[in-house]
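Everything below concerns the one structure shown next.
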Amino acid sequence: MAGGIFSPLESCSELEKANCHPLVCLLCHEPYQHPCLLDCYHNFCASCLRGRASDGRLRCPLCGHPSVVRGGTGLPPVDRLLQFLVDSSADSEEDVQCANCDRCCTKAELDTMYFCNTCGQPLCAPCREETHRARMFTRHEIVSLSKRTKDIHKKCPLHEEPYIMFSTEKKSMLCINCFRDMQGESRAHCIDIETAYMQGCQRLDQAVMAVKELQTSTREAIVLLKAMIEEVRNSASEEEAAINSLFSRMQEQLSERKKTLLKAVQSQHEEKEKAFKEQLAHLASLLPTLQVHLVTCSAFLSSANKAEFLDLGYQLMERLQRIVKLPHRLRPAQTSKINSEYRAEFARCLEPLLMLSPRRSVVGSAGGIGPGITGTSMLPGGQCSKTLIVPSCPPTSDKMSTGPMVKKPTMHRYISTKVLLAEGRETPFAEHCRNYENTYRMLQMEIQGLKDQVQELHRDLTKHHSLIKSEIMSEILQKSLQMDVQIAAHYSAVEMMRSVFEEVWEETYQRVANEQEIYEAQLHDLLQLRQENSCLSTITKQIAPYVRSIAKVKERLEPR
């Protein structure tokens with residue numbers, strides 16, 4: 001099995017299904033052979049880890065945490081504690097024979113077997129009562145078979161002397177020679193074996209209690225995370241369905257509004273085109289008349305004498321003046337731009353859909369997954385703190401539950417308010433925001449105090465199993481009801497300001513709309529002046545030949 005490739009366990013469900021016996025490897029599913037301890041405190045057989053190290057690092061097959069390996073073997077150190085448990089388990093499975101009566105005991109009878117650490121021999125229960133009750137065996141150390149002392153734990157390997165002391169400084173057992181060789185200040189940290197054993201048991205009990213608390217918290221966190229994963233899945237499904245539904249409704253509204261706008265554009269196009277064609281037909285009929293009269297005037301000047309000029313010239317001048325005074329529509333009565341205000345129309349048709357009241361979030365801003373429980377808040381170092389909140393109750397007024405809600409989170413609202421106040425403009429809304437922040441901060445601090453009290457009571461009730469006085473719960477409930485009244489009153493006060501601010505917002509909207517209209521009119525006027533200048537240039541180019549012709553006629557008439 002050395003150098004074998006094993007697939008890592010990829011989920012908690014696989015870990016639960018796997019064989020979690022403490023003496024069985026999670027990779028090969030066999031009893032540990034030379035178990036190695038990684039930096040993440042996961043154990044695996046040495047043969048299962050061989051060949052997995054790369055650049056002095058070995059990644060845990062279970063959690064992926066990298067461990068530093070030293071030496072040429074490419075393996076982490078052997079777990080002596082787990083090896084001891086494996087060896088003890090193997091010894092307990094061996095057949096045991098009483099050293100006095102040669103009686104073999106089955107596995108079911110091992111709990112009734114004893115072991116004499118002084119003699120170094122196992123004893124059955126009858127032999128212990130019959131043979132080792134004599135006075136000569138009173139100093140023999142007789143324990144149960146499972147707690148027998150092995151040879152390696154009886155004598156010092158350096159001096160071959162039995163252990164008699166324990167150094168709390170070096171955490172090692174000492175024989176008499178080891179104790180003599182120690183320096184004076186180190187001897188102060190030495191105690192006898194029995195005292196060291198009792199102190200070690202007490203410390204181990206404390207460590208076990210801490211691990212049990214961590215185990216309980218871990219199980220609660222696993223249940224919480226599983227529930228949150230399910231809630232996230234449900235929330236994602238609901239959000240996708242809501243997005244698809246809203247998108248479909250938006251498409252329908254946009255499609256209907258698109259048809260209406262296209263009809264309006266077509267109507268404007270036909271109306272403007274008809275008006276321009278009528279004006280064009282009038283001007284087209286006027287141009288030949290003007291040209292004929294100009295030619296007539298030129299010919300009359302070139303052919304008429306003084307008497308004829310005086311007889312018919314004034315009649316010609318009156319006719320020309322009447323032609324000039326006729327109402328000619330030389331300028332376009334309207335612009336050529338078709339404006340359907342499609343952006344505003346599209347925004348107006350989408351406004352009822354986009355201003356809907358927000359749906360109740362499945363996972364709240366605090367990551368709540370159900371009544372009374374919120375998500376774990378991550379602390380530095382990856383620790384989690386569980387929080388208990390009061391279950392949500394019906395609002396005290398229908399106004400608070402049905403009023404328009406803004407989808408901006410509290411932090412976004414706080415930052416936006418800070419930016420607004422930093423601008424320094426003294427407006428009614430800025431003053432309202434300043435007062436609101438002070439009141440909201442006070443209410444938030446009181447609510448947080450109630451949360452801390454309930455969290456402390458929840459911890460006492462679940463972890464320490466302490467009795468809680470009913471007066472305390474009544475006091476907290478009374479404070480919560482008072483806070484609910486204060487919040488409702490503050491909400492009503494803020495809601496009453498809506499009409500005032502809506503008037504200000506309406507005035508602001510009208511002012512912006514007027515400014516936009518003036519700006520568009522300015523651009524239109526400039527374009528109209530440019531068109532008039534272009535028409536003037538065109539007319540000047542058209543009458544230039546007639547002016548030159550009249551000038552030539554005038555030159556010929558001057559000698560007369």
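Looking only at region 200-240, filter to residues that are among the small types (Gly, Ala, Ser) and more than 30 Å from Ser172 (Cβ to Cβ); which one of those is most open to solvent (accessible area, probe 1.4 Å)?
Applying the first criterion (among the small types (Gly, Ala, Ser)) to region 200-240 yields 200, 207, 210, 217, 221, 227, 235-237.
Narrowing the set further to residues that are more than 30 Å from Ser172 (Cβ to Cβ) leaves 217, 221, 227, 235-237.
Numbers: Ser217: 33, Ala221: 28, Ala227: 36, Ser235: 33, Ala236: 44, Ser237: 67 Å².
Ranking the candidates gives Ser237 first.
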- Query: Quick one: Met405 ticks every box in (1) part of a loop (DSSP other than H, G, I, E, B); (2) among the hydrophobic types (A, V, I, L, M, F, W, C); (3) modelled with pLDDT of 70 or more bar one, so which box is it?
  - Reply: (3)
- Report the residue count in region 163-183 for those that are over 60 Å from the mean Cα position of the chain (by Cα), open to solvent by 40 Å² or more (accessible area, probe 1.4 Å) and modelled with pLDDT of 85 or more. 0
- Note on the structure: Given (1) open to solvent by 100 Å² or more (accessible area, probe 1.4 Å); (2) under 30 Å from His458 (Cα atoms); (3) of a type outside the set (Lys, Arg), Phe247 misses just (2)
- Query: Is at least one residue of region 248-260 of a type outside the set (Lys, Arg) and over 30 Å from Lys337 (Cα atoms)?
  - Reply: yes
- Message: Quick check on this structure: which one of Leu526, Leu477 is closer than 29 Å to Met442 by Cβ and open to solvent by 100 Å² or more (accessible area, probe 1.4 Å)?
- Response: Leu477
- Quickly run through region 144-162 and pick out the residues that are modelled with pLDDT of 65 or more, open to solvent by less than 80 Å² (accessible area, probe 1.4 Å) and under 27 Å from Phe179 (Cα atoms). Lys154, Cys156, His159, Glu161, Pro162
- Spans of strands (runs of 3 or more DSSP E) in region 22-66 with at least 2 residues assigned by the TED database to the domain that holds Arg80 and open to solvent by 70 Å² or more (accessible area, probe 1.4 Å): 57-59
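A quick yes/no check of all residues on (1) outside the structural domain of Gln334 (by the TED database); (2) at pLDDT 85 or above; (3) of a type in the set (A, V, I, L, M):
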| position | (1), (2), (3) |
| --- | --- |
| Ala275 | no, yes, yes |
| Leu294 | no, yes, yes |
| Cys297 | no, yes, no |
| Leu301 | no, no, yes |
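Among the candidates Ser255, Ser285, which residue alone is part of a helix (DSSP H, G or I) and at pLDDT 90 or above? Step through it out loud before you land on a result.
Numbers: Ser285 fails: at pLDDT 90 or above.
Sole residue among the options that is part of a helix (DSSP H, G or I) and at pLDDT 90 or above: Ser255.
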- Query: Among the residues of region 275-290, is there at least one that is open to solvent by less than 60 Å² (accessible area, probe 1.4 Å) and under 60 Å from the mean Cα position of the chain (by Cα)?
  - Reply: yes
- Item | Condition check for Pro122: modelled with pLDDT under 80, surrounded by fewer than 12 Cβ atoms within 10 Å (Cβ to Cβ) and not small (Gly, Ala, Ser) | no
- Message: Report every pair of residues separated by at least 6 positions or lying on different chains whose Cβ atoms are under 8 Å apart, first residue within region 180-197 and closer than 11 Å to Ser167 by Cα, second of a type in the set (Gly, Ala, Ser) and assigned to a strand (DSSP E or B).
- Response: Met182/Ser167; Ser186/Ser167; His189/Ser167; Cys190/Ser167
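The values are calculated or read from the model by the stated rules, or taken from the named source; none is laboratory data. From a predicted model like this one, the values you see are computed outputs, not experimental measurements. Neighbour counts are summed over all protein chains in view; Cβ atoms, including those assigned to glycine, are modelled from backbone coordinates with ideal geometry. Just the protein is used for accessible areas: all its heavy atoms, side chains included, with ligands, DNA and RNA removed. Shrake-Rupley method; radii C 1.70, N 1.55, O 1.52, S 1.80 Å.
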